[in-house]
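As structure tokens, the structure follows; a few thoughts come after it.
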Amino acid sequence: MRSPRIRVVLGRPEDTAAAVIIRAGSRPAEDGRVVTVVAPRWQGPSGPQHALPEAYRHAVAAANARGATSMALPAILARGPWPLEEVTRVALTVLKSTPTTVHEVTIAASTPAMLERWAEALFREPPT
């Protein structure tokens with residue numbers, strides 16, 4: 001199984017044409033093509049390290065459960081001031097290594113600075 005193509009855009013996940021839209025929230029929910037996954041809250045470097053990857057795995061599982069070939073996520077699938085370098089590293093690792101029906105993942109960045117940071121992370125990522 002191949003890794004999905006990952007691209008980053010400026011905007012909101014809801015503004016994309018993706019089959020499944022993932023939102024971060026405090027409780028899981030579903031409304032048509034929009035799925036809310038529980039987003040971990042930043043608790044500092046000594047906080048639980050499994051929470052962020054688990055949120056991305058839940059997002060992929062939600063897309064897989066629908067047989068989706070595309071999905072869109074917010075640039076940070078977490079609550080609180082999570083370090084963006086860690087978010088991009090964890091997100092790319094999970095998105096590229098988790099078996100999925102998804103062929104294309106769109107990361108929606110809310111600011112130009114966040115878009116630039118994600119673009120840099122994608123550029124540094126070795127091809128699969």
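Read-outs throughout are calculated quantities, based only on the coordinates presented, and are distinct from any laboratory measurement. Computed from a prediction, not measured in an experiment: that's the story for all the values here. Using ideal geometry, Cβ is built from the backbone for each residue, glycine included, and neighbour counts are taken over all protein chains shown.
Annotations for the structure displayed:
- Each residue of segment 12-26 is assigned a 3J(HN,Hα), and the resulting list reads 10, x, 5, 7, 8, 9, 4, 5, 10, 10, 9, 10, 9, x, 8 Hz, derived from the Karplus form 6.51 cos²θ - 1.76 cosθ + 1.60 (θ = phi - 60°), x at Gly and Pro.
- Computed on the Cα trace of segment 76-128, the radius of gyration divided by the Kirkwood hydrodynamic radius gives Rg/Rh = 0.95.
- Segment 10-85: Cα Rg divided by the 2.2 N^0.38 Å rule of thumb: 1.09
- Charged side chains reduced to their Cβ positions (Lys and Arg at +1, Asp and Glu at -1) give segment 1-58 a dipole of some 200 debye around its Cα centre.
- Amide H to amide H, with H built 1.01 Å from N, Val20 comes under 5 Å of Ser70, Met71, Ala72, counting only residues 5 or more places away or on other chains.
- Farthest positive-ward along the chain dipole, Cα basis, beta-carbon charges - from Val94, Gln43, Ala61: Ala61
- Note on segment 15-128: with charges restricted to the Cβ of Lys and Arg (+1) and Asp and Glu (-1), its dipole about the Cα centre is near 240 debye.
- When Thr98, Thr111 are arranged by Cβ crowding within 10 Å, least crowded first, meaning fewest neighbours, the order is Thr111, Thr98.
- In a reduced charge model with +1 at each Lys and Arg Cβ and -1 at each Asp and Glu Cβ, segment 75-128 shows a dipole moment near 120 debye about its Cα centre.
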